[in-house]
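No lab work stands behind these numbers, since they all come straight from the coordinates. Treat the numbers as computed from the prediction; the structure is a model and nothing was measured. Here the Cβ positions follow ideal geometry from the backbone for every residue, glycine too, while neighbour counts run over all protein chains shown.
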Amino acid sequence: MPSLQAGYAPNLSFYLKSLKAQPVESSIENLISLLKRRQITNSRPCAVATAHLLLQVVAKFRWTNIDKLIKRIQDVGRRLIEAQPREMVVGNIVRRVLGMVRDEAKEDRNEDASDSASNSQSDRGASHSGGPPPTFSPLRFSTTDDSDSTEATGDDVFEGQSHGASRPPLITSHTSYAPAGGLPPQKSMFQLLSANPSPASTPPGAQSPQNTSNLNATSLAHRITTSTKDLKAEVIEGIEEIVDELDQADDRIAAQSLEYIHSNEVILTHSSSKSVQKFLLEAAKKRKFTVIIAESYPNDHEATHKSVTRSISTDAEGADELSTPKFSKSLSDAGITVILMTDATIFAIMSRVNKVILATHAVIANGGLIAAAGARIIAKAARVHRTPVIVVSGVYKLSPQYPFEFESLIEYGDPGNIVRYQDGALVENLEVDNPVYDYVPPDLVDLYITNIGAHAPSYLYRIVADHYKTEDINFDKPELQ
Amino acid sequence: MPSTDQAAPAAKAETPTPSQQLEAPKLSGAELKKQKQAEKAARRAQAVQGKPVTPSGPPTPVQKGEQKQQKRRGSTSGSRELPVRQPESNAAPKAPPVEDKTVEFFRHLSKPHKKTITGTPKDIHPAAQILGMQFCNYAICGSTARLLATLELFKELVQSYTVPPRTTLKLHFTTHVLNPHIGYLISFRPLSISMGNAISWFKREISKVSIDISDSEAKKMLCDAIDMYIRERVTFADQAIAATTTEKIRDGDVILTYAKSSIVQRSLLQAHEEGKKFRVIAVDSRPLHEGKNLAETLANAGIEVKYCLINGLSHNIQDATKVLLGAHAMMSNGRLLSRIGTALVAMEANDAEKPVIVLCETVKFTDRVALDSIVLNEIAPADELVIPGGALEGWRDVKKLQLCNPMYDVTPAEYIQMIVTESGCVPPTSVPVLHRLVNEPEIQ
């Protein structure tokens, strides 16, 4: 577990500390109530809490077969999502873990099935089949290397060798491939190539777990004794990779900042996102520019004000964060001129702004985003003035969900932030509206900068396909499966 | 100028110490001279004792004044005092340079606003002092309200004015009474466009006064003219606009409006009185929260009101059927100068294809043009953005942090479908024509 800072909001760090000591069930209940009470809010803390909880779930759950584990994770995930459906990262992390477990299981199964023969080919193919960019899970590559070394067939995986042994699982997997028909073509492409010598074989792409058990029924007893432990270790390792990714996402995004910011620029941003601040700080090491911050009153203005005035990072998202205590400068300390303005001034100042950088709460598969209220008018004003809009977001915020109605993703906050309860007459007679988030459609965004690079909004669906398995996308809604 | 002649000996007689100079950072021209005299006197006194003077005044607000002072001193008092001034100019750079907290884009607009009536020149009418305070604490804030209050002040000035011997009202009043008072009001807040129009009209009226009529007759004539102007250009205009707007509101309408405009409020109330069934969405923003006042008034009148801040605008614009906006001024190129944030509302309305209707008296029309909101604007004191008890309280100590609080923004003409004036409903392209017709009658 990463070292804990003295938190600004103790809830996340407190929860993480309690995780190891408590039984899993009470940890789950604990997180559910924290989510429900909004004691853990914002994307990153939610993601971190979910990942750590799932780590415990996997570690402490006694399982004999991979189906049960998947079922268990789905179960926990469903409960967490129900607790706070608008924190979309919770679902994202659960899906990532599920996908990772499925990948591990597939590798494991292939290894298993090919015990008797030298069939590194199918093994290799399977391990590469779902191979997203290495940032997602370098783990898979390391395991591949392991299998290579143990089975000693070397690198000549494309040489047609004895495929007889490897074929049965592939063929059965073909039958089970049908329900998961929505697989992206890229995955099967490699498979087609690698399986070229045997035209009958089709990509093992995504074997559904139900078949896994049937398939390996013969070797089940063997597996339970030998490989369950390895698999468990691998799954845990995989979750830790995700946790690491959460920690490093901001740094990886920030590392790209110099490619987007030139000197003497005027950049407009809003609210108090830690990702954006890091991004700008990194650029400030080399370049001098001006940052205009819209305060996003009334829900986030206090954090914004704190982040511009104090030299310690006290924004809600940042301080209860686990890692990187070295982040301790405010933008103005770094030598950037910071201009704080109200949200209403956006149109007036937009004609002098070179770039708009938006922070986000969640990104949805169509390239749109959910961000702090006011983001939409900023993006629109930017479009009117032909100012490029850049969205800075970790991949973990990218959600495979694509809701029919975007209003359903918008959370409404406390109207008492706008009209105080002291104004008795006003409270009686007025309907007060305080949305916390805005939906920004993809056509208002020019560029997404994630921890795996910069993408056009139209490309995001590909990254979704790389990171989530099709069968996991609607796992929380059984009626859609 | 007689007033400074009197002031100078008085200052000499008092022989003020340098410490007295530190107390008054904001200086008018007359005071500046007085201070200069006093400084000179003090320096002479100390030069006799052989001590160099280092007046270590607060460097912040008077910098401009001090520079002027030094220039003038150099020209008037000659080289004799230069050696004495030497240590002073050496001492100046030692003080840490005070960071300019004004935003670079708006630096041309940033003037220190007067916040108190201390240091008011003695010939300023008390009513002007009250009005100045009301301007600077936004008790009188709207363009129309400020226009009315200013005209009432002018009436007061005319009535309390006595023509000095060997001159006439026509020759003396404008330069010696009207202009100083206008300058005094500007030191609290810049003039609104409507005030500018009214002032030039009033000066025209004064110049029209015949020399032959008696002073009391002339005063009465001017007061009547002011009353007439108020009645024609504001009272009746508002009635006409409210009547036209009421016609445009239908049953079932959802009217979205931004901040507070007196004429929008009046129109909505009138429509409600006439029995129209409609809802209002009042959008508001920091720091003035004028919309809260509007929402309260409308809700108390029994209208169904929804209140939200500008960040909730995107969520509510779809529900609206019409957008009614008030104006600070209509520029000659059809753009609307109005409370900061109006442009965002108009933009969103345009995007959602809702009609944007501006209610504006012709007295707010101007022949000036605006392309952006930066060249022509008013910058309110940045400290108004600070929430008491909030993190921003110490913002002046944070290096390189600036707060910016502009008052107006310019809405592009293409967002505006219609301008309702007392002379009828016109498109934004007709603003210059209407302006010529009503505000510059002599051109015709």
Mean other chain Cβ within 10 Å across B:290-303 is 2
Pseudo-spin-label distance A:GLU240 to B:TYR138, built 7 Å along Cα→Cβ, given in nm, is 5.6
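Would you mind getting me the FRET efficiency between A:GLU29 and A:ASN354? Use the beta-carbon distance for r and R0 = 41 Å, nearest 0.05.
Working: r = 49 Å, r/R0 = 1.19.
So the FRET efficiency works out to roughly 0.25.
Between A:ASP67 and A:ASP251, what FRET efficiency follows from the Cβ-Cβ distance if R0 is 45 Å, with the result rounded to 0.05?
Details: r = 37 Å, r/R0 = 0.82.
Step by step, r from the Cβ atoms, then E = 0.75.
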If you count, for every residue in B:340-348, the Cβ atoms of partner chains within 10 Å of its Cβ, what is the mean? 6
Counting C-alpha atoms alone, how compact is the range A:256-450: give Rg to one decimal and Dmax as a whole number, in angstrom. 16.8, 54
Amide N of the range B:407-444 lying under 19 Å from the label point, which is placed 7 angstrom from the Cα of B:SER200 along Cα→Cβ: B:430-444
Mean shadow area of the range B:224-361 over all directions, Cα convex hull, nm²: 8.7
At 7 Å along the Cα-to-beta-carbon direction for both A:TYR459 and B:ALA352, put a label point, then send me their distance in nm to one decimal. 3.5
In order through the range A:418-430: 3J(HN,Hα) via Karplus (6.51 cos²θ - 1.76 cosθ + 1.60), integer Hz, x for Gly, Pro: 9, 10, 5, 5, 5, 6, x, 4, 5, 4, 5, 9, 9
Along Cα→Cβ, 7 Å out, is where each label goes; now give me the distance between the ones at B:ALA301 and B:ARG107 in nm to one decimal. 4.6
Taking a point 7 angstrom from the Cα of B:LEU437 along the C-beta vector, which residues in the range B:184-210 have backbone N less than 18 Å away? none
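How much length would be gained if the chain were fully extended between B:LEU371 and B:MET418, taking 0.36 nm per residue of separation minus their Cα-Cα distance, in nm to one decimal? Write down the numbers at each step before the final one.
Values: separation 47, 0.36 × 47 = 16.92 nm, distance 1.94 nm.
Computed gain between B:LEU371 and B:MET418 is 15.0 nm.
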What does the average come to when, for each residue of peptide B:185-195, you count the partner chain Cβ atoms lying within 10 Å of its Cβ? 0
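May I ask you to order B:236-248, B:183-195 by the average number of other C-beta atoms within 10 Å around their residues, highest value first? Working shown, then result.
Values: B:236-248: 18.0, B:183-195: 20.5.
Packing order, densest peptide first, comes out as B:183-195, B:236-248.
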Sequence of B:GLU156, A:GLU82 once ranked by neighbouring C-beta atoms within 10 Å, starting from the fewest: A:GLU82, B:GLU156
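Taking 0.36 nm per residue of sequence separation and subtracting the Cα-Cα distance, how much length would be gained by fully extending the chain between B:PHE236 and B:GLN270, in nm to one decimal?
On the way: separation 34, 0.36 × 34 = 12.24 nm, distance 1.46 nm.
The B:PHE236-B:GLN270 span can extend by a further 10.8 nm.
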Which entries in the list B:LYS101/B:LYS364; A:LYS274/B:LYS400; A:LYS17/A:LYS232; B:LYS248/B:LYS277; A:LYS285/A:LYS397 go over 24 Å, if you measure between the two C-alpha atoms of each? B:LYS101/B:LYS364; A:LYS285/A:LYS397
Estimated FRET transfer efficiency when R0 is 25 angstrom, pair B:ILE117-B:GLN159 (beta carbons, to 0.05): 0.70
